[in-house]
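The values are calculated or read from the model by the stated rules, or taken from the named source; none is laboratory data. Since this is a predicted model, take the numbers as computed values, not measurements. Note that each Cβ is placed from the backbone with ideal geometry, even for glycine, and that neighbours are counted across all protein chains shown.
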Amino acid sequence: MLRLCINIFLVASLFSVSFFNKENRVKWKDKLNYNSLYLESISYLNNDNIELYVLSLNNIISSSKNNLLIMNSYYDLGQIYLSRYKDYYLAIENFNYILNNSFSNTLKPLNLDIKNSIELKEKSLFMIGYIYHNHIGNLTLAQKFYTLFLDRYPNNELSSSVKYEIDIINRGLQKFNKE
């Protein structure tokens with residue numbers, strides 16, 4: 001229900017900000033360069049205009065043909081839902097979308113600092129384990145996703161952090177089982 005309310009709010013914000021303002025209406029309507037739209041979305045984030053940031057990412061997801069740009073937008077949405085909206089399940093949903101969909105590692109658009117397909121999958125898997133452990137408190141699911149991370153990406157730079165998290169989870173589960 002909360003997700004529906006957030007999405008309705010975001011859509012309403014899009015209409016009020018971009019469609020009723022002629023300058024913005026032309027800007028969004030004629031925006032065919034999704035690389036520029038992505039850069040513009042980053043400026044919204046930097047200016048703490050989260051609603052427009054989320055709207056522009058959703059616009060990229062629904063309209064762009066560049067799979068890498070789309071998946072980076074899903075990742076960015078996951079981060080926003082985690083950090084700004086505290087909607088952990090919606091954050092997981094966005095990270096899961098990246099994990100569960102195949103997409104070509106198309107060339108990175110020029111002038112954009114975005115993640116490649118392997119990095120997106122690695123970080124999304126890590127983030128799901130992190131959210132289950134540190135925000136939701138589901139140690140079993142956290143352990144499952146962290147273990148999956150180590151199985152798939154044993155040499156990743158995050159592996160030592162994941163091993164540490166699994167150790168904390170194991171100690172917590174041992175303590176719980178003793179009680």
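Here are some notes:
- Test: residue in region 75-87 that is touching a Ser or Thr at 6+ places or on another chain (Cβ under 6 Å), surrounded by fewer than 19 Cβ atoms within 10 Å (Cβ to Cβ) and either of a type in the set (Val, Ile, Thr) or part of a loop (DSSP other than H, G, I, E, B) (or both): no
- Selection count, region 102-138, where residues are modelled with pLDDT under 95, surrounded by 15 or more Cβ atoms within 10 Å (Cβ to Cβ) and aliphatic (A, V, I, L, M): 2
- Residue check, ASN33 modelled with pLDDT of 50 or more, out of contact with any strand residue (DSSP E or B) (no Cβ under 7 Å at 6 or more places or on another chain) and either surrounded by 17 or more Cβ atoms within 10 Å (Cβ to Cβ) or over 24 Å from ILE118 (Cβ atoms) (or both): yes
- Restricting attention to region 42-91 and to residues that are more than 30 Å from ALA142 (Cβ to Cβ) and small (Gly, Ala, Ser), the residue that is nearest to the chain's Cα centre (by Cα) turns out to be SER56.
Yes or no, residue by residue, for (1) more than 18 Å from LYS121 (Cβ to Cβ); (2) in a helix (DSSP H, G or I); (3) of a type in the set (A, V, I, L, M); (4) touching a residue at least 60 places away in the same chain (Cβ under 8 Å):
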residue: THR147; (1), (2), (3), (4): no, yes, no, no
residue: ASN155; (1), (2), (3), (4): no, no, no, no
residue: ILE168; (1), (2), (3), (4): yes, yes, yes, no
residue: GLY172; (1), (2), (3), (4): yes, yes, no, no
